[in-house]
Amino acid sequence: MAQASTSAIPPIHRVLFLNSTRDPYDISVVEQPTPQAVPGSAVIQILGAAVLSYAGDIFSGRKPYPYPTPFVPGSSAIGRVAGVGSDATKLEVGQLVYFDCYIHGRDDPDSSILHGLFYGFDPSSNKLMENEWRNGTYAEYSKVPLENCFPLDEQRLLGSPAEGGLGYNLADLSYLSKLAVPIGGLRVVDVRAGEKVIIAPATGAFGSAAVVAALAMGAQVIAVGRNLDALEKVKSLGPEGRVRTVQITGDVTHDVGELTKSGPADVFFDISPEQAAKSTHFTSCIQALGRGGRVSLMGPFMELSLPIMAMMGKDITVKCKFMYTKEDIRFMIRLVEAGDLKLGQAGGVQAAGLFPLEQFEAAFDTAAKMGGPGMQTIIAP
Ligand SMILES: NC(=O)c1ccc[n+]([C@@H]2O[C@H](COP(=O)([O-])OP(=O)(O)OC[C@H]3O[C@@H](n4cnc5c(N)ncnc54)[C@H](OP(=O)(O)O)[C@@H]3O)[C@@H](O)[C@H]2O)c1
């Protein structure tokens, strides 16, 4: 009979345990039995797990977010496979993987959660996080679905350039979790090489990752935001001339003029936070599109008002996108391994900080304060 395959996994491991949602935090580092790989799962040793700019708000309850308590927070991560269930066909112990936190029900792909972060939109999704996939990646080890582990070519990614490698480090690879989200939103509107893509706001964590991703997909980027200093940093994420910046002034006619200086755009990608719902950039960016333009909305709005007459007159398509598909993840990894999507210094991406579990508060603060263009914070247990 096929056996589960494991490396030497210690019986006990350290986790960041969120006991309840409380401000500031009801979180501590505790020891727990290490999870075991059962059929359908892998146990990965966590090398680095990403921290969201709003992690402190979510895990203190300042920003209402549904998740079961108690639990171990922490979502997408870079890990090394430490054990696989007996039904694993390709994953092997020791392999470097990107773990994607977007977990779907196997008997119902419409049920989904974000591991270690978000309970899902309905009761059947909630079930996924109540038991089997409750504990996330701010831990030394995490049990995750086999199909959410994406093998990485370690030699190519971490190897030295002299030997054909790209010379990345762990912190560089952790940026994949930021890139995956806008790649989902850019691909859902079929962004093609040479197209003009407006990205707004381009100065935040996911917006600036969208700039990096759109450039790698061959687009010309028009980066939009309120803050001129931050927009200057966004400009430096791309080679000379590939990123143009436009400030949101609140004057729609003026802003449309700036956006269309080199002709109408093909795509408008937005990943605004809820508080930007009344920003004038929605109208100006949509008005800057040419006939047949496409809009990809990834911001979590309760309500948003859009210039429907202008959209109707130009046959504009609007797509709303939550996260991405597995094919988007494979596409992203192919772009990175090919060297087209650049990480680390080469891509203008920097680690704001790498924190052990015990320093989770510093990690959350750093992610909130230094979540600007190309910055990322990582918890490395
Ligand atoms: N659809 C999905 O699957 C998905 C996945 C992940 C995240 N999200 C959502 O993405 C959003 C952004 O996350 P993030 O981590 O990138 O946040 P972030 O780093 O805090 O960035 C927020 C951005 O919004 C801009 N902004 C804030 N208030 C604004 C306003 N009133 N008008 C115009 N711009 C404003 C900021 O610009 P300034 O520089 O001018 O302050 C900044 O560029 C979150 O709300 C999150 O829920 C969606």
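Scoring 327-339, 142-154 by mean Cβ neighbours within 10 Å over their residues and listing the highest first yields 142-154, 327-339.
Under the simplified labelling scheme, the residue 247-residue 124 pair shows an inter-label distance of 5.0 nm, with each label point 7 Å from Cα along Cα→Cβ.
Between residue 232 and residue 28, 0.36 nm times their residue separation minus their Cα-Cα distance comes to what? Walk me through the intermediate numbers first.
Working: separation 204, 0.36 × 204 = 73.44 nm, distance 3.89 nm.
Between residue 232 and residue 28, full extension yields 69.5 nm more.
For the peptides 281-289, 240-248, 161-169, residues were scored by their other Cβ atoms within 10 Å and the scores averaged per peptide; the highest-first order is 281-289, 240-248, 161-169.
With n ≥ 4 as the cut-off for DSSP H runs, can you work out [θ] at 222 nm for the chain, using -39500 (n - 2.57) per run divided by the number of residues, rounded to the nearest 500?
Working: 12 runs with 100 residues, N = 381.
For the chain, the value works out to -7000 deg cm²/dmol.
The slack in the chain from residue 261 to residue 106, taken as 0.36 nm per residue of separation less the alpha-carbon distance, amounts to 51.0 nm. Straight Cα distances below 28 angstrom link residue 278 to the lysines 63, 178, 196, 233, 235, 261, 314, 319, 321, 369, with same-chain residues fewer than 8 positions distant left out. Straight-line cross-link reach from residue 127 at under 20 Å between alpha-carbon atoms covers these lysines, not counting any fewer than eight positions away in the same chain: 143.
For the stretch 181-320, the equivalent ellipsoid derived from the Cα gyration tensor has semi-axes of 19, 16, 15 Å, listed largest first.
Among 312, 217, 323, the largest mean-square fluctuation in a Gaussian network model of the chain (Cα springs under 10 Å) belongs to 312.
Cross-link reach is defined here as a Cα-Cα straight distance under 15 Å, omitting same-chain residues fewer than 8 places apart; for residue 90 the aspartates and glutamates meeting it are 147, 153. Which of 228, 201, 238 sits closest to the plus end of the dipole of the stretch 181-320, meaning its Cα is farthest towards the positive end, when Lys and Arg get +1 and Asp and Glu get -1 on the C-beta? The residue sitting most towards the positive pole is 238.
Here, each number is a calculation from the coordinates, and none is a lab measurement. For clarity, every value in this text was computed on a predicted model and none was experimentally measured. Quick reminder, even Gly has a Cβ in these numbers, built from the backbone with ideal geometry, and neighbours come from all protein chains shown.
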